[in-house]
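Report on the structure given below.
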Amino acid sequence: MLGESLRGHDRLVTNEFATYNPTDQRAVSSPVWVVTSGSLFVRDGVGYSGAATRGRVDPASSTTNSGVFRAVAREEAPADVAVNVRLRIRSMVPPGSRVATEWDGVHVFVRYRSDTELYVVSVARRDGQVAIKRKLPGGDINGGHYVTIASGPRPWTLGQWWQVQVRARTTADGVRLALVVDGEQILTGLDRGDAGGTISGGGRVGVRGDNTEFEFSDISVAACTTDQLTECGP
C-alpha cells in the first residue's frame, strides 16, 4: 500500500499544512502518509520531495519547506521489519550555504514512535558517510538527541537510483539494524540499550531528507525474522 500510494498522476500527496491543520477544508490529506515537515508529491510516477526550499507551507505547497522533509506511514509496522525502497538524490543545497550540514542527504526511519524516539539509517549523506542512529528524548534537536550506533564510508552518485533495504530485529543481545544497498550489506549495528533501553515493539517507518531534493518509489515493509537478506525481502 505504501508503494501504490506514490504512483499515478502528478499531484500533491500531502504536506505539513495538512498535518497541523487537519480540519481546514483546504488541507490535502493522505490515508497512507503523515508529513511532519515539508511536502510530499508524486511526480512522473514516483514519490518526490519537491525542491529543498525553506518557508511557510500553504495548503497547495507553493513553498515546499522540503529542505527539512519528514514523512512517516500512518500504519504502525511490526518490530522486526525490512523496509525496501528505491531512492535517488536529484540535488542538494550547495555546500557553503547557510543551512548546509555534513549530514545532509536521505535517511530511512524504522520503529518511529515519535519525533524524539526512533531509529534512523542514513543512506547517502553529503560527507559520504552512512550511519545508524537512535534518537532519544531530551536535547536541543527538536526535543531530542542522537546516539550513533554505527557509521562508515559510502560514496554515492547524484542522479543514480539505489535499491535500499533497512532492517531492524530484536535479538537476545539488543536491537540489530542493517543497511543493504543494491544487494550489498553496507553497515550493521547493535543497540544494546546502553543509553537507557532499546526501542522495543513496533513503530512506523518513513523517509527523511535534509537540504536534499530526492525521489523514492516501491517502498514496502516485510517481516524480518532472520539476519539473512534473502529472508527479509519482499
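The values are calculated or read from the model by the stated rules, or taken from the named source; none is laboratory data. All of these numbers come straight from a predicted model, not from anything done at the bench. Note that we place each Cβ from the backbone using ideal geometry, even for glycine, and neighbour counts take in every protein chain shown. Heavy atoms of the whole protein, side chains included, go into the accessibility calculation; ligands, DNA and RNA do not. Shrake-Rupley method; radii C 1.70, N 1.55, O 1.52, S 1.80 Å.
Pairs linking a residue in region 73-93 that is farther than 13 Å from residue 49 by Cβ to a residue that is modelled with pLDDT under 95 and of a type in the set (Asp, Glu), with Cβ atoms under 9 Å and 6 or more positions apart or on different chains, are 82/231. Quick check, is residue 18 modelled with pLDDT of 95 or more, in contact with a helix residue (DSSP H, G or I) (Cβ under 7 Å, 6 or more places away or on another chain), over 17 Å from residue 88 (Cα atoms) and among the aliphatic types (A, V, I, L, M)? No: the conditions fail for residue 18.
Screening region 131-157 for residues that are of a type in the set (A, V, I, L, M) and over 15 Å from the mean Cα position of the chain (by Cα) and picking the one that is most open to solvent (accessible area, probe 1.4 Å) gives 141. Among the numbered conditions (1) assigned to a strand (DSSP E or B); (2) in contact (Cβ under 8 Å) with a residue 60 or more places away in the chain; (3) closer than 21 Å to residue 91 by Cβ; (4) of a type outside the set (Asp, Glu), the only one that residue 159 does not meet is (1). Taking region 190-209 only, how many residues are open to solvent by 10 Å² or more (accessible area, probe 1.4 Å) and either assigned to a strand (DSSP E or B) or at negative phi (or both)? Qualifying residue count, region 190-209: 10.
Looking at region 38-122, what strands (runs of 3 or more DSSP E) fall wholly within it and have at least 2 residues that are of a type in the set (A, V, I, L, M, F, W, C) and open to solvent by less than 10 Å² (accessible area, probe 1.4 Å)?
Where strands (runs of 3 or more DSSP E) fall fully within region 38-122 and carry at least 2 residues being of a type in the set (A, V, I, L, M, F, W, C) and open to solvent by less than 10 Å² (accessible area, probe 1.4 Å), they are 39-43, 68-73, 81-92, 105-114.
Exactly one residue out of 43, 74, 7, 54 is within 28 Å of residue 178 (Cβ to Cβ) and over 17 Å from the mean Cα position of the chain (by Cα): that is 7. With respect to residue 128, determine if the residue is loosely packed, with under 15 Cβ neighbours inside 10 Å and within 24 Å of residue 180 (Cβ to Cβ). In short, yes.
Total residues in region 158-173 satisfying the condition of being among the polar types (S, T, N, Q), modelled with pLDDT of 95 or more and surrounded by fewer than 12 Cβ atoms within 10 Å (Cβ to Cβ): the figure is 1. Only a single criterion out of (1) assigned to a strand (DSSP E or B); (2) touching a residue at least 12 places away in the same chain (Cβ under 8 Å) is not satisfied by residue 140, namely (2). The set of residues from region 8-29 being in contact (Cβ under 8 Å) with a residue 40 or more places away in the chain and either farther than 10 Å from residue 71 by Cβ or assigned to a loop (DSSP other than H, G, I, E, B) (or both) comprises 12, 17, 18.
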